[in-house]
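Colleague: Sharing a structure here in structure tokens format.
The values are calculated or read from the model by the stated rules, or taken from the named source; none is laboratory data. Everything numeric here is computed off the predicted structure, so don't read it as measured data. Backbone-built Cβ (ideal geometry, glycine too); neighbour counts: all protein chains shown. The protein model used for the area step is the full one, side chains on, heavy atoms only, and it has no ligands, DNA or RNA in it. Shrake-Rupley method; radii C 1.70, N 1.55, O 1.52, S 1.80 Å.
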Amino acid sequence: MIKINSLQYNAGRDPQVYRRVAGQPFRIQVIVAGAGSAQITLADEKGASLVQGDVPAPGTFSHELTFAKPGVRIVTITAQQADRSESRDVRLDVMAHAWVG
């Protein structure tokens, strides 16, 4: 399971709930089930690794990403555990300024 800003990630949900202002961090959590350990990798849309870490299963991997400029970012989250691997793309919207009103 993936959580962004403490909300379970759902691609069908209004992206407004996940948006952040430039300079404000996105808190990404990957909850891993099973036994042993899992390797978690966050990569940008070009495939470059942003962060990598190991988490004992069951457990939670947590990391904060901050972007200095506004725009839409696609981050691929990959979890590898023994002979299993699962990847999911998440959309992170970075706004230039906070909504007024």
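Colleague: Would you mind calculating the gained length between ASP54 and ARG27 on full extension (0.36 nm times residue separation, minus the Cα-Cα distance), in nm to one decimal? Can you show the working numbers first?
Modeller: On the way: separation 27, 0.36 × 27 = 9.72 nm, distance 1.71 nm.
Roughly 8.0 nm would be gained on extension.
Colleague: Suppose R0 equals 30 Å. What FRET efficiency, 1/(1 + (r/R0)^6) with r the Cβ-Cβ distance, do GLN16 and ASP83 give to the nearest 0.05? Mind dumping the intermediate values first?
Modeller: On the way: r = 38 Å, r/R0 = 1.27.
Rounded to the nearest 0.05, the efficiency is 0.20.
Colleague: So for VAL21, VAL30, what's the accessible-area order with a 1.4 Å probe, most first?
Modeller: So the residues, ranked largest to smallest area, are VAL21, VAL30.
Colleague: When Lys and Arg each count +1 and Asp and Glu each count -1, what net charge do the other residues less than 12 Å away from THR66, Cβ to Cβ, add up to?
Modeller: Working: positive: ARG20, ARG27, LYS69, ARG73; negative: GLU64.
In short, +3.
Colleague: In the stretch 41-67, whose amide N lies under 15 Å from the spot 7 Å out along Cα-to-Cβ of THR76? List them in ranges.
Modeller: Inside the label zone: 41-52.
Colleague: With every protein chain left in place, what is the accessible area of MET95 in Å² (1.4 Å probe, nearest 10)?
Modeller: Probe radius 1.4 Å; accessible area of MET95 about 40 Å².
Colleague: When N counts the residues of the stretch 3-52, how does its alpha-carbon radius of gyration compare numerically with 2.2 N^0.38 Å, as a ratio?
Modeller: Scaled against compact globular proteins, the figure is 1.34.
Colleague: Below 10 angstrom from the Cβ of ALA38, what's the summed charge of the other residues (Lys, Arg +1; Asp, Glu -1)? Don't skip to the end; give the middle numbers.
Modeller: On the way: positive: ARG84; negative: ASP54, GLU86.
For residues surrounding ALA38, the net value is -1.
Colleague: Continuing with this model, one more query. Could you calculate the FRET efficiency of VAL100 with SER62 from 1/(1 + (r/R0)^6), where r is the beta carbon distance between them and R0 is 35 Å, rounded to 0.05? Before the final figure, lay out each step's value.
Modeller: On the way: r = 31 Å, r/R0 = 0.89.
In this case the efficiency is close to 0.65.
Colleague: Scale the Cα Rg of the chain by the rule-of-thumb value 2.2 N^0.38 Å and send over the ratio, two decimals.
Modeller: In units of the 2.2 N^0.38 Å rule of thumb, it is 1.11.
Colleague: Within 10 Å of each candidate Cβ there may be at most 14 other Cβ atoms; applying that plus a DSSP loop requirement, which trypsin sites (Lys or Arg not before Pro) in the stretch 1-94 survive? If you can, show how the numbers build up before the last one.
Modeller: Values: sites: LYS3, ARG13, ARG19, ARG20, ARG27, LYS46, ARG73, ARG84, ARG88, ARG91; in loops: ARG13, ARG19, LYS46.
Here the trypsin sites (Lys or Arg not before Pro) that fit, given the DSSP loop and packing criteria, are ARG13, LYS46.
Colleague: May I ask you to derive the relative contact order of the stretch 18-101, considering only C-alpha pairs under 8 Å and at least 6 residues apart, and to give it as an integer percent? Mind showing how you got there, number by number?
Modeller: Details: 185 pairs, mean separation 29.9, N = 84.
36 percent.
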